[in-house]
Amino acid sequence: MEGILVQAAPVLPVLVIDDPALAVPLASALWQGGISVLEVTLRTGPALEVIRHIRQELPEVVVGAGTVLSARQMQQAQQAGAQFAVSPGFTPALAEAATGQQMPWLPGVQTASEVMQAREAGFRQLKLFPAGERGLELLDSYAGPFQDVVFCPSGGINPASLARYLERPNVICCGGSWLAPRVLVEAREWPTITGLARQARESC
Ligand code: 3PG
């Protein structure tokens, strides 16, 4: 996971794509804005097909599966070509699947106990989800006890708060859907999306 997250810095777009025909133009628009690591959430029927398309058409882009809720989904994502997986939470079954499949996995955590469980299972790069209102406070609090853990906060981050998250030494990148809002994707507003990606890249 390490290399992938470093490449993802400063932002990991969280994508919800309903129409597979929009996948490649969207990924290209983000790539043109300087973002080459994407998270395609398994929240839509064609998500696995979307991952397959991006892998086939844009080898320069690194694509992961997001919203992975089960070991079966992790396996399906890997078969579709996903290069990493992201989950909103941590479960022992997912940890076992990720380890067994040798799939780079970014598990989600919120509490200190969840950080400890993920850490015990060998995961030191974690998604802080939802970052929400308390994200910055949690990151600062976790910097003391968990000095060997870095976070990718996600959920509720926007262009106005991005820089404050990225300033934290225990933040390696930030996830968010604001880079590719559904309304812009459906309207095929590719130059606007490239502009949002560029703006995010300039925040670091
Ligand atoms: C995620 O899965 O990381 C979130 O859905 C992204 O949250 P956002 O839509 O608030 O950016």
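The values are calculated or read from the model by the stated rules, or taken from the named source; none is laboratory data. Predicted model only: the values in this text are computed from it and were never measured. Counting neighbours? That spans all protein chains shown, and the Cβs are built from the backbone with ideal geometry, glycine included. Surface areas here come from the heavy atoms of the whole protein model, side chains and all, with no ligands, DNA or RNA. Shrake-Rupley method; radii C 1.70, N 1.55, O 1.52, S 1.80 Å.
Yes or no, residue by residue, for (1) in a helix (DSSP H, G or I); (2) in contact with a helix residue (DSSP H, G or I) (Cβ under 8 Å, 6 or more places away or on another chain):
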| site | (1), (2) |
| --- | --- |
| Met74 | yes, yes |
| Gln78 | yes, yes |
| Pro88 | no, no |
| Ala97 | yes, yes |
| Gly132 | no, no |
| Glu137 | yes, no |
| Pro145 | no, yes |
| Pro153 | no, yes |
| Ala180 | no, yes |
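Of everything in region 169-192 that's in contact with a Ser or Thr (Cβ under 7 Å, 6 or more places away or on another chain) and open to solvent by less than 10 Å² (accessible area, probe 1.4 Å), which residue is farthest from the ligand (Cβ to nearest atom)?
Result: Cys174.
From the list Ala131, Ala98, which one is over 21 Å from Val11 (Cα atoms) and within 18 Å of the chain's Cα centre (by Cα)?
Every option except Ala98 fails the conditions.
Consider Gln101 carefully, then state whether it is at pLDDT below 95, surrounded by fewer than 21 Cβ atoms within 10 Å (Cβ to Cβ) and of a type in the set (S, T, N, Q).
The answer is yes for Gln101.
Being under 20 Å from Gly176 (Cβ atoms) and either open to solvent by 50 Å² or more (accessible area, probe 1.4 Å) or out of contact with any helix residue (DSSP H, G or I) (no Cβ under 6 Å at 6 or more places or on another chain) (or both) is the filter here, so list the residues in region 114-127 that pass it.
Lys127, the sole residue that qualifies.
Condition first: over 17 Å from Asn170 (Cα atoms), within 15 Å of the ligand (Cβ to nearest atom), among the small types (Gly, Ala, Ser) and open to solvent by 10 Å² or more (accessible area, probe 1.4 Å). Can you find one or more residues in region 86-93 that meet it?
Yes; the residues of region 86-93 include at least one that is over 17 Å from Asn170 (Cα atoms), within 15 Å of the ligand (Cβ to nearest atom), among the small types (Gly, Ala, Ser) and open to solvent by 10 Å² or more (accessible area, probe 1.4 Å).
Being more than 24 Å from Ala118 (Cβ to Cβ), within 16 Å of the chain's Cα centre (by Cα) and buried (at least 24 other Cβ atoms within 10 Å of the Cβ) is the filter here; which residues of region 27-46 pass it?
Of everything in region 27-46, those that are more than 24 Å from Ala118 (Cβ to Cβ), within 16 Å of the chain's Cα centre (by Cα) and buried (at least 24 other Cβ atoms within 10 Å of the Cβ) turn out to be Ala27, Leu30, Ile35.
Which of the residues spanning region 80-95 are in contact (Cβ under 8 Å) with a residue 24 or more places away in the chain and more than 18 Å from the chain's Cα centre (by Cα)?
Pro92
Would you mind stating whether Gln199 is closer than 30 Å to Ala21 by Cβ, more than 13 Å from the ligand (Cβ to nearest atom) and surrounded by fewer than 21 Cβ atoms within 10 Å (Cβ to Cβ)?
Yes.
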